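Engineer: One structure follows; several queries about it will come next.
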There are 4 protein chains.
Amino acid sequence: MSHPSTDQIQERALAMVAEVFDQHIPFHKLLGLRIDRYDLQGVEVRITMKPELIGNIHQQILHGGVTATVLDVVGGLTAFAGLVASRDDWQEEELKSRLMTLGTIDMRVDYLRPGRGNIFTGTGQVIRSGNKVSVCRMELHNEQGEHIAFGTGTYLTG
Amino acid sequence: MSHPSTDQIQERALAMVAEVFDQHIPFHKLLGLRIDRYDLQGVEVRITMKPELIGNIHQQILHGGVTATVLDVVGGLTAFAGLVASRDDWQEEELKSRLMTLGTIDMRVDYLRPGRGNIFTGTGQVIRSGNKVSVCRMELHNEQGEHIAFGTGTYLTG
Amino acid sequence: MSHPSTDQIQERALAMVAEVFDQHIPFHKLLGLRIDRYDLQGVEVRITMKPELIGNIHQQILHGGVTATVLDVVGGLTAFAGLVASRDDWQEEELKSRLMTLGTIDMRVDYLRPGRGNIFTGTGQVIRSGNKVSVCRMELHNEQGEHIAFGTGTYLTG
Amino acid sequence: MSHPSTDQIQERALAMVAEVFDQHIPFHKLLGLRIDRYDLQGVEVRITMKPELIGNIHQQILHGGVTATVLDVVGGLTAFAGLVASRDDWQEEELKSRLMTLGTIDMRVDYLRPGRGNIFTGTGQVIRSGNKVSVCRMELHNEQGEHIAFGTGTYLTG
């Protein structure tokens, strides 16, 4: 009889979280927010422009709240991936319990450009990792590579 | 023949903005975000819990992106009301033009408690007013008066 | 033989910290930063204008770094007092160990007015308290009650 | 008779500002803060550890207020260089007037590691440039390349 290896536990945990965030969070479904990629190397969160996401009818741009939402989701996923990567002796139950308590403590959003475009992609990186708190920086770009917004978020990870 | 007085111009401007934000912003309609009050003394933005706004299925709480959205809307409206109140010689055209360029430069959200409740109300105040930039502090409470989140936002007003 | 009561342990801990911050932190001595009050109800940190603290020779105002320093010290002290107040069964050793690991994770400063004045006082309050992380809001006023700056800081408390 | 070219005006303006910040700001002299480089391509602000800058006597690390000070100075200089670079028809008087009104609106500091080291260098880049407001990101590293802190600041430039 074999037990799952550490790598498998880490990969499974992220795959499970990706599925939940992609398929089972009501607000993500309302917005059409999708998880395109989620592994130990990074996360890509995508949102596709649709009329309901518009915040300024004259300029036809993304509402700032949509930008903040994507950045917050990216930050939380980035912080959790950093936590998962930080140890190689996780038990699945422990990771589930950590995920349940994962939460945003604070977040700063810097709006750089009007949110024009069709497809917006959010990415992030851990800048301070810890067993209790992680800090991440996040970015949102449109499909032309224009940089729409920066985020900086502090997450409770334990 | 009479011209509108300053007070009338100020009141009309805010009433017009309140109507736009309450009725004509697609993302506000998607979320069910409403402007309950908007005058020179303050703003109240309301959002009513519904399943689509949930961010955590186990805890049944508001998605952090909804919180950020309400705080950002409150901050923008608060900054604009402060601008309107700062002069008594506005022309309607000038105010329209200022509204068109109103935008969030940056915002910090502090998440204080899980977003539990049925009705959430956002309020705000100007802490630094200026002809070009205003800084506001915003709060979100639930119907039991529990404080869900703080916001601090810097807005381009001119 | 008697043991110190909880209240005594809490009071002693804050008095000890106040003395260290008032007398034994080299950078506080360089700036002339003083702890005027520190108990479970609040903290008052004072700085007196002197030529070396000036950041703008034309305007003769406090350097923004001095403002940030006072706000950060206030926030750390406020977070620690909140931690001390949160339990009534502290052991002195535990509190010392918590103090050693107390640290600022992130801080936002909002500069509201030029730092004009002779005596500046910083005060704060906890807005999110926790065993691991606390978030505080801080204010700096001059001796005329003018509000110079706001701060918001997230502190590691455990 | 010849007039100075645009390039000369831009270079002169930055050289003049560098000299003021390096030599004539009282608080910079108190801390030993130096401007190592300041041109249209970037800024380097240096601070050398000395006992008076210590914030934690056990750990012998830089006070968080020193970190905030360096980041704020870097941000202001970066924002001003961005403004100078944004137009090629500046008059010297205009630039002087802009410098006089340059000010920090808000700043976020993320403390990543304890401030250990002998020489700390701050660098920055503009992430949102504007005629009225600029937003910059700043970094502080020690002489071993360790990343001590991040900053994000919003500056009034006009």
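The values are calculated or read from the model by the stated rules, or taken from the named source; none is laboratory data. Predicted, not measured: the structure shown is a model, and the values here were computed from it. Here Cβ is always computed from backbone atoms with ideal geometry, including for glycine, and neighbour counts include all displayed protein chains. The protein model used for the area step is the full one, side chains on, heavy atoms only, and it has no ligands, DNA or RNA in it. Shrake-Rupley method; radii C 1.70, N 1.55, O 1.52, S 1.80 Å.
Engineer: Scan C:Gly103, C:Gly82, C:Gly75 and give me the residue that is closer than 30 Å to D:Gly76 by Cβ, buried (at least 22 other Cβ atoms within 10 Å of the Cβ) and not acidic (Asp, Glu).
Structural biologist: Working: C:Gly103 fails: buried (at least 22 other Cβ atoms within 10 Å of the Cβ); C:Gly82 fails: closer than 30 Å to D:Gly76 by Cβ.
C:Gly75 is the lone residue from the list that is closer than 30 Å to D:Gly76 by Cβ, buried (at least 22 other Cβ atoms within 10 Å of the Cβ) and not acidic (Asp, Glu).
Engineer: In segment C:23-62, what residues are at positive phi and in contact with a helix residue (DSSP H, G or I) (Cβ under 7 Å, 6 or more places away or on another chain)?
Structural biologist: none
Engineer: Could you please find all residues in segment C:125-149 being open to solvent by less than 20 Å² (accessible area, probe 1.4 Å), within 12 Å of B:Asp110 (Cβ to Cβ) and within 15 Å of the chain's Cα centre (by Cα)?
Structural biologist: C:Ser134, C:Val135, C:Cys136, C:Arg137
Engineer: Scan segment C:10-28 and report the pairs whose first residue is free of Cβ contacts under 8 Å to residues at least 40 places away in the same chain and whose second residue is in a helix (DSSP H, G or I) and surrounded by 15 or more Cβ atoms within 10 Å (Cβ to Cβ), with Cβ atoms within less than 6 Å and a gap of 6+ or a chain change.
Structural biologist: What qualifies is C:Pro26/D:Glu52.
Engineer: Could you check segment D:73-131 and list, in sequence order, the residues that are under 30 Å from A:Tyr155 (Cβ atoms) and of a type in the set (Val, Ile, Thr)?
Structural biologist: If the condition is that a residue be under 30 Å from A:Tyr155 (Cβ atoms) and of a type in the set (Val, Ile, Thr), then D:Val73, D:Val74, D:Thr78, D:Thr104, D:Ile105, D:Val109, D:Thr121, D:Thr123, D:Val126, D:Ile127 are the ones that fit.
Engineer: Take the residues of segment B:106-124 that are open to solvent by less than 50 Å² (accessible area, probe 1.4 Å) and farther than 28 Å from A:Ile61 by Cα: which is nearest to the other protein chains (Cβ to nearest Cβ)?
Structural biologist: Filtering first and then ranking leaves B:Leu112.
Engineer: If we only count strands (runs of 3 or more DSSP E) wholly inside segment C:1-78, which ones have 1 or more residues that are at pLDDT 95 or above and more than 9 Å from chain D (Cβ to nearest Cβ)? First the steps, then the outcome.
Structural biologist: Working: elements: C:34-39, C:42-48, C:54-56.
Result: C:34-39, C:42-48.
Engineer: Checking C:Glu93 against (1) closer than 20 Å to C:Leu31 by Cβ; (2) in a helix (DSSP H, G or I); (3) not hydrophobic (A, V, I, L, M, F, W, C), which test does it fail?
Structural biologist: For C:Glu93, the failing item is (1).
Engineer: Pull up segment D:129-144, narrow it to residues that are in a strand (DSSP E or B) and not charged (D, E, K, R), then point me to the one that is nearest to B:Leu102 (Cα to Cα).
Structural biologist: Here the answer is D:Val133.
Engineer: Further question on the same structure: Being without any contact (Cβ under 8 Å) to a residue 12 or more places away in the chain and more than 22 Å from C:Gln59 (Cα to Cα) is true for just one of D:His141, D:His58, D:His147. Which residue is that?
Structural biologist: D:His58
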